Amino acid sequence: MSTKERILDEALTLFSQNGYDGTGVEQIAEKVGVKAPSLYKHFKGKEDILNALIDNAEARYEEFFGSDKHIGKLPETKEEFIQTAIQKVSFTMRDPMIRKMRKFLVREQFRNERFAEITTKHQLSGIQGMYTKIIEGMMQNGLFKEDDPELLATEVTAPVALWIAKADRQPQCEQESMESVEKHVRHFCDVYMTE
């Protein structure tokens, strides 16, 4: 891992534990094992580190989870829909970078409008938009009953966000949360899918 990558990794850990305002450049440098001026070879300051973290997390999320602009291949069966949903939730819940970023954003969303927008995107609007398009496409292919795809997207994703939040607060409940997510998604499919 390069020094720049270590700076980002340690900064994210500190931000998720102490908040943005509660973390200083000196603390980040100490965790990395360098002097504070050395950080300025890689970043202009703490805000530059934060922007790089957000950009990296957004790119990672887009690559491994998707978005309303990048939904990936539409599932062709009920089981494929379920497995794709479980895979996305597992990534969200277990990826160390995404997990730390989520904890950081949840903490900071009430102090910073930009963080509030990013949190809303990842916990509501972005996920809902992506699943609206997925369900709409699957509805057109005859796999979902005709209904309001946006409402169905909310119905399938909202409870999942609660189980992810529970696993964040109580890491010992991660497996239980994943089991609840799978049970929920399967029930959702039983109710709304045609096959």
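What follows draws every value from the coordinates through simple rules; no lab data is involved. Note that the structure is predicted; figures quoted are calculated from it, not measured. When we count neighbours, we look across all protein chains shown, and the Cβ atoms used for this are built from the backbone with ideal geometry, even at glycine.
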Suppose the filter is within 15 Å of residue 82 (Cα to Cα), within 17 Å of the chain's Cα centre (by Cα) and touching a residue at least 24 places away in the same chain (Cβ under 8 Å); does residue 185 pass it? no
Does segment 17-35 hold any residues that are surrounded by 14 or more Cβ atoms within 10 Å (Cβ to Cβ) and without any contact (Cβ under 8 Å) to a residue 40 or more places away in the chain, and which are they? 18, 23, 25, 27, 28, 29, 30, 31, 32, 34
For residue 76, indicate whether it is acidic (Asp, Glu) and not in a helix (DSSP H, G or I). yes
Can you name the residue in segment 77-118 that is closer than 27 Å to residue 188 by Cβ and of a type in the set (S, T, N, Q) and is also surrounded by the most Cβ atoms within 10 Å (Cβ to Cβ) among such residues? 92
Output the number of residues of segment 40-74 satisfying the condition of being of a type outside the set (D, E, K, R) and either in contact with a strand residue (DSSP E or B) (Cβ under 9 Å, 6 or more places away or on another chain) or surrounded by fewer than 19 Cβ atoms within 10 Å (Cβ to Cβ) (or both). 15
